[in-house]
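Accompanying notes for the structure given below.
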Amino acid sequence: MACEQKRWGLILETISDDLLLRLAIGEKCIVYDYGAHKEIPRAVWQGLEWLRFALELSWLNRIYTPKGRMATGRNYFGQEYLTLHPNVKNRLKYFKKFLNTDTLYLLSVTSSTTKDSNYEYYNNLINTPGNNYDKRND
């Protein structure tokens with residue numbers, strides 16, 4: 001919802017510390033998002049591209065060119081970054097001290113699902129011993 005409302009600062013304020021730390025130390029981070037009747041949810045095509053843009057600029061001092069549907073969003077993201085509250089930028093800069101990579105490994109796995117809001121299905125999926133999330137069929 002934050003993407004639809006263009007609340008870019010909120011996205012950066014609420015991204016988990018764990019994710020930011022893991023990205024800073026060079027770990028591969030995979031976001032799984034299966035949207036209702038959407039192959040690529042907005043949180044991925046817009047939200048993750050915004051996160052990568054902000055982190056590349058804050059941590060690596062380089063301008064990232066967004067991919068996919070946001071391919072033309074570089075200037076827009078640049079303007080939005082300039083308007084961020086200093087507290088938001090300071091939060092990102094805090095994690096920069098842990099940076100030991102020059103590549104951010106932020107990946108996504110997406111698809112559409114007909115099981116949106118079927119909490120019993122997902123609860124069973126999570127609690128199935130030996131389940132391999134990368135090879136599930138939805």
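The values are calculated or read from the model by the stated rules, or taken from the named source; none is laboratory data. This one's a predicted model, so the numbers in the text were calculated from it and none came from an experiment. Cβ coordinates were reconstructed from backbone atoms using ideal geometry, including for glycine residues, and neighbour counts include every protein chain displayed.
Might you let me know whether segment 53-63 holds any residue that is over 27 Å from Tyr119 (Cβ atoms) and of a type in the set (D, E, K, R)?
Step one: of segment 53-63, the residues over 27 Å from Tyr119 (Cβ atoms) are 53-63.
Applying the additional criterion that residues be of a type in the set (D, E, K, R) yields 56, 62.
Yes, segment 53-63 contains at least one residue that is over 27 Å from Tyr119 (Cβ atoms) and of a type in the set (D, E, K, R).
Could you look through segment 1-27, keep only residues that are in a loop (DSSP other than H, G, I, E, B) and of a type in the set (A, V, I, L, M, F, W, C), and pick out the one that is nearest to Lys96 (Cα to Cα)? Going through the qualifying residues, I end up with Ile25. Mind counting the residues in segment 80-103 that are among the polar types (S, T, N, Q) and closer than 22 Å to Glu49 by Cβ? Total meeting the criteria: 3.
Please tell me if Leu84 is of a type in the set (A, V, I, L, M, F, W, C) and touching a helix residue (DSSP H, G or I) at 6+ places or on another chain (Cβ under 6 Å). So Leu84 passes the test.
Residues are listed down the side, and each one gets a yes or a no for (1) surrounded by 13 or more Cβ atoms within 10 Å (Cβ to Cβ); (2) under 14 Å from Trp8 (Cα atoms); (3) over 13 Å from the mean Cα position of the chain (by Cα); (4) of a type in the set (A, V, I, L, M):
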{"site": "Gly47", "(1), (2), (3), (4)": "yes, yes, no, no"}
{"site": "Leu55", "(1), (2), (3), (4)": "yes, yes, no, yes"}
{"site": "Arg62", "(1), (2), (3), (4)": "no, no, yes, no"}
{"site": "Phe77", "(1), (2), (3), (4)": "yes, yes, yes, no"}
{"site": "Pro86", "(1), (2), (3), (4)": "no, yes, yes, no"}
{"site": "Asn100", "(1), (2), (3), (4)": "no, no, yes, no"}
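Please find, within segment 65-108, the residue that is modelled with the lowest pLDDT out of those that are charged (D, E, K, R) and assigned to a helix (DSSP H, G or I).
Our first condition is that a residue be charged (D, E, K, R); within segment 65-108, this holds for 67, 69, 74, 80, 89, 91, 93, 96-97, 102.
Filter again for assigned to a helix (DSSP H, G or I), leaving 69, 74, 80, 89, 91, 93, 96.
On the way: Arg69: 87, Arg74: 95, Glu80: 97, Lys89: 97, Arg91: 97, Lys93: 97, Lys96: 97.
The residue in question is Arg69.
The set of residues in segment 1-45 that are aliphatic (A, V, I, L, M), crowded, with 18+ Cβ neighbours inside 10 Å and out of contact with any helix residue (DSSP H, G or I) (no Cβ under 7 Å at 6 or more places or on another chain) comprises Ala43, Val44.
Being of a type in the set (A, V, I, L, M, F, W, C) and farther than 16 Å from Arg62 by Cβ is the filter here; which residues of segment 83-96 pass it? Don't jump to the end; show me each part of the working.
Of the residues in segment 83-96, the ones of a type in the set (A, V, I, L, M, F, W, C) are 84, 88, 92, 95.
Listed by number, the residues that qualify are Leu84, Val88, Phe95.
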